[in-house]
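A.B. asks: What follows is a single structure, and I will ask about it in a moment.
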There are 2 protein chains.
Amino acid sequence: MAGTKDRIMAAGAELFRRNGYTGTGLKQIVAQAGAPFGSLYHFFPRGKEQLGEEVIRSSGLMYLQLFDIHFGHTDDLVGGVEAAFAGAAETLRETDYADACPIATVALEVASTNEPLRKATADVFTAWIDAGTAVFARFGIGEEAARTLTISVVTSLEGAFILSRSLRTTEPLAVASATSVLAARAALATVS
Amino acid sequence: MAGTKDRIMAAGAELFRRNGYTGTGLKQIVAQAGAPFGSLYHFFPRGKEQLGEEVIRSSGLMYLQLFDIHFGHTDDLVGGVEAAFAGAAETLRETDYADACPIATVALEVASTNEPLRKATADVFTAWIDAGTAVFARFGIGEEAARTLTISVVTSLEGAFILSRSLRTTEPLAVASATSVLAARAALATVS
DNA sequence: CTCCGATTTGATAGATCGCTCTAGCGTGAC
DNA sequence: GTCACGCTAGAGCGATCTATCAAATCGGAG
């Protein structure tokens with residue numbers, strides 16, 4: 001039996017992503033995890049906030065791996081960008097527009113209301129930007145241009161997720177993909 | 001004395017934007033509006049959902065005007081894009097990174113949980129896209145390219161809002177501005 | 001087997017949630 | 001004056017929220 005703590009975190013990650021942080025109840029989480037209520041406070045003594053923080057950081061790490069998967073073992077930057085956006089679009093369609101960014105909803109909810117959780121989301125975004133910068137720099141792009149390109153791509157992806165989930169169409173993701181390709185080509189053009 | 005309904009809607013708009021839909025209580029709203037609790041149900045008989053829907057649609061209309069302000073009376077498309085992003089960055093800084101998009105937080109919260117409200121956010125985004133398409137088409141860009149450019153700009157702006165609020169820096173907005181300028185120049189290049 | 005810490009239970013507290021209800025106030029019509 | 005009606009006013013309902021607590025249970029060490 002997979003550890004109770006892992007099941008609670010998995011349920012929390014799924015529910016926070018779909019219903020938001022304040023929109024998800026602890027009872028709902030333990031019910032979906034098939035765990036007794038008390039166990040939640042055994043593994044997360046500081047309660048909902050601690051669970052939220054651990055879910056944010058762990059989800060952030062899982063998405064970090066996508067940078068390596070899409071860009072770590074290829075010399076085709078543009079192809080990697082297109083594959084990443086296409087994969088996001090497919091996941092979105094398959095989950096009925098529920099599973100987009102694992103932390104965006106929570107990030108907006110807590111940005112002005114809960115400093116520890118805001119910090120957790122900021123750490124995740126920072127880690128993504130640093131990882132993207134390092135990976136893109138492999139293509140010969142300068143450090144600063146690689147960082148800018150990463151922020152541009154992450155920004156386009158997050159924004160497209162909002163519009164796609166609301167409009168229930170993948171068109172914004174397709175547009176964001178094309179925009180990111182444009183930005184990638186522009187960054188590559190600076191390479192002598 | 002500004003109408004009680006208006007004060008309730010203004011308070012709701014501010015609190016929903018900053019704390020989210022589920023994160024805002026009705027008692028909190030009437031307290032901030034200085035209105036009696038009963039008045040809320042007098043003006044919004046269907047309760048929180050009706051208030052949420054009216055706030056979303058009214059906030060959407062207010063932001064719609066920004067398209068005209070920034071692009072309605074200029075022949076400088078790139079300058080308008082830069083001014084729009086600069087204005088957003090200034091507002092964000094002035095409000096301690098609280099006031100970004102009025103509906104993005106709610107849009108993500110309700111996308112998979114509340115169909116009437118999801119529909120309301122979708123109508124707002126659709127109105128923005130249609131308005132942007134019409135305004136950008138004035139610059140000689142073809143209908144389809146103007147629509148794509150609009151989605152690209154809105155997408156970049158929304159994504160930059162997420163990162164900026166979380167990271168508490170306007171850097172993502174600056175990057176999104178540059179990316180949108182790139183997209184605008186590319187769209188203009190197709191004009192013969 | 002005994003013992004002990006780790007984990008599992010779920011009842012329950014105390015606060016807050018969205019919402020309903022009734023009573024009263026104030027102002028314009030007549 | 002007085003009637004009607006839009007609005008104010010807030011107590012209180014049932015449900016749900018996060019969090020606490022003590023008791024039951026399990027599993028490995030000796």
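A.B. asks: Can you pull out the residues in region A:80-102 that are part of a loop (DSSP other than H, G, I, E, B) and among the acidic types (Asp, Glu)?
C.D. replies: Residues satisfying the conditions are A:Asp96, A:Asp99.
A.B. asks: Let me ask another. Please state which one of B:Val154, B:Val175, B:Val191, B:Val181 is assigned to a helix (DSSP H, G or I), among the β-branched types (Val, Ile, Thr) and more than 8 Å from chain A (Cβ to nearest Cβ).
C.D. replies: From the options B:Val154, B:Val175, B:Val191, B:Val181, the qualifying one is B:Val181.
A.B. asks: A follow-up question, please. Name the one entry in B:Leu167, B:Leu163 that is in contact with a Pro (Cβ under 7 Å, 6 or more places away or on another chain) and either within 9 Å of chain A (Cβ to nearest Cβ) or free of Cβ contacts under 8 Å to residues at least 24 places away in the same chain (or both).
C.D. replies: Matching residue, one of B:Leu167, B:Leu163: B:Leu163.
A.B. asks: Here's something else I'd like to know. Tell me the residue from A:Gly52, A:Gly79 that is of a type in the set (Gly, Ala, Ser) and under 29 Å from A:Ile141 (Cα atoms), please. Quick ask: steps written out before the conclusion?
C.D. replies: Working: A:Gly52 fails: under 29 Å from A:Ile141 (Cα atoms).
On inspection, the qualifying residue turns out to be A:Gly79.
A.B. asks: If you don't mind, another one. Determine if region A:67-81 includes at least one residue that is within 14 Å of chain B (Cβ to nearest Cβ) and away from DNA strand D (no atom under 12 Å from the Cβ).
C.D. replies: The answer is yes, given that some residue of region A:67-81 is within 14 Å of chain B (Cβ to nearest Cβ) and away from DNA strand D (no atom under 12 Å from the Cβ).
A.B. asks: Where residues in region B:30-53 are more than 13 Å from DNA strand D (Cβ to nearest atom) and of a type outside the set (D, E, K, R), which of them is farthest from the other protein chains (Cβ to nearest Cβ)?
C.D. replies: Applying the filter and picking the extreme gives B:Gln50.
A.B. asks: A follow-up question, please. Kindly establish whether B:Ile151 is within 20 Å of B:Gly72 (Cβ to Cβ) and at pLDDT 95 or above.
C.D. replies: Yes: the conditions hold for B:Ile151.
A.B. asks: Now, a different point. Is it the case that some residue within region A:1-18 is within 14 Å of chain B (Cβ to nearest Cβ), near DNA strand D (Cβ under 9 Å from one of its atoms), under 25 Å from A:Ala100 (Cβ atoms) and charged (D, E, K, R)? Quick ask: steps written out before the conclusion?
C.D. replies: Filtering region A:1-18 down to residues within 14 Å of chain B (Cβ to nearest Cβ) leaves A:14-18.
Those left that are additionally near DNA strand D (Cβ under 9 Å from one of its atoms): none.
Within region A:1-18, none of the residues are within 14 Å of chain B (Cβ to nearest Cβ), near DNA strand D (Cβ under 9 Å from one of its atoms), under 25 Å from A:Ala100 (Cβ atoms) and charged (D, E, K, R).
A.B. asks: Given the conditions (1) closer than 24 Å to A:Arg18 by Cα; (2) within 12 Å of DNA strand D (Cβ to nearest atom); (3) crowded, with 21+ Cβ neighbours inside 10 Å, which single one is not true for B:Leu26?
C.D. replies: B:Leu26 satisfies every listed condition except (3).
A.B. asks: On to the next question. Would you mention how many residues in region A:70-82 are crowded, with 21+ Cβ neighbours inside 10 Å and modelled with pLDDT under 95?
C.D. replies: 1
A.B. asks: Looking only at residues in region B:107-151 that are more than 10 Å from every other protein chain (Cβ to nearest Cβ) and outside any helix (DSSP H, G or I), which one is nearest to B:Gln50 (Cα to Cα)?
C.D. replies: Of everything passing the filter in region B:107-151, B:Arg138 is nearest to B:Gln50 (Cα to Cα).
A.B. asks: I would also like to ask the following. With B:Phe16, B:Phe43, B:Phe85, B:Phe67 as the choices, which residue is surrounded by 15 or more Cβ atoms within 10 Å (Cβ to Cβ), aromatic (Phe, Trp, Tyr) and farther than 30 Å from B:Ala174 by Cβ? Even if it seems obvious, please write down each step before you answer.
C.D. replies: Working: B:Phe16 fails: farther than 30 Å from B:Ala174 by Cβ; B:Phe85 fails: farther than 30 Å from B:Ala174 by Cβ; B:Phe67 fails: farther than 30 Å from B:Ala174 by Cβ.
Among B:Phe16, B:Phe43, B:Phe85, B:Phe67, only B:Phe43 is surrounded by 15 or more Cβ atoms within 10 Å (Cβ to Cβ), aromatic (Phe, Trp, Tyr) and farther than 30 Å from B:Ala174 by Cβ.
A.B. asks: Only one of (1) within 10 Å of DNA strand C (Cβ to nearest atom); (2) in contact with a Ser or Thr (Cβ under 9 Å, 6 or more places away or on another chain); (3) within 14 Å of another protein chain (Cβ to nearest Cβ) is not met by B:Tyr97, so which one is it?
C.D. replies: So B:Tyr97 meets the others, but not (1).
A.B. asks: Of the numbered conditions (1) in contact (Cβ under 8 Å) with a residue 40 or more places away in the chain; (2) crowded, with 23+ Cβ neighbours inside 10 Å; (3) over 15 Å from the mean Cα position of the chain (by Cα), B:Ala111 satisfies every one except a single condition; which is it?
C.D. replies: Unmet condition: (1).
A.B. asks: Of the residues that sit in region B:54-66 and are within 15 Å of B:Leu15 (Cα to Cα) and not aliphatic (A, V, I, L, M), which one is nearest to DNA strand D (Cβ to nearest atom)?
C.D. replies: Going through the qualifying residues, I end up with B:Glu54.
A.B. asks: From the set of residues in region A:20-29 that are more than 10 Å from DNA strand C (Cβ to nearest atom) and in contact (Cβ under 8 Å) with a residue 40 or more places away in the chain, which is farthest from the other protein chains (Cβ to nearest Cβ)?
C.D. replies: A:Tyr21
A.B. asks: State all residues of region B:9-36 that are within 19 Å of the chain's Cα centre (by Cα) and among the aliphatic types (A, V, I, L, M); if no residue qualifies, say none.
C.D. replies: Scanning region B:9-36 gives B:Met9, B:Ala10, B:Ala11, B:Ala13, B:Leu15.
The values are calculated or read from the model by the stated rules, or taken from the named source; none is laboratory data. Predicted, not measured: the structure shown is a model, and the values here were computed from it. Positions of Cβ are backbone-derived with ideal geometry, glycine not excepted, and every protein chain shown enters the neighbour counts.
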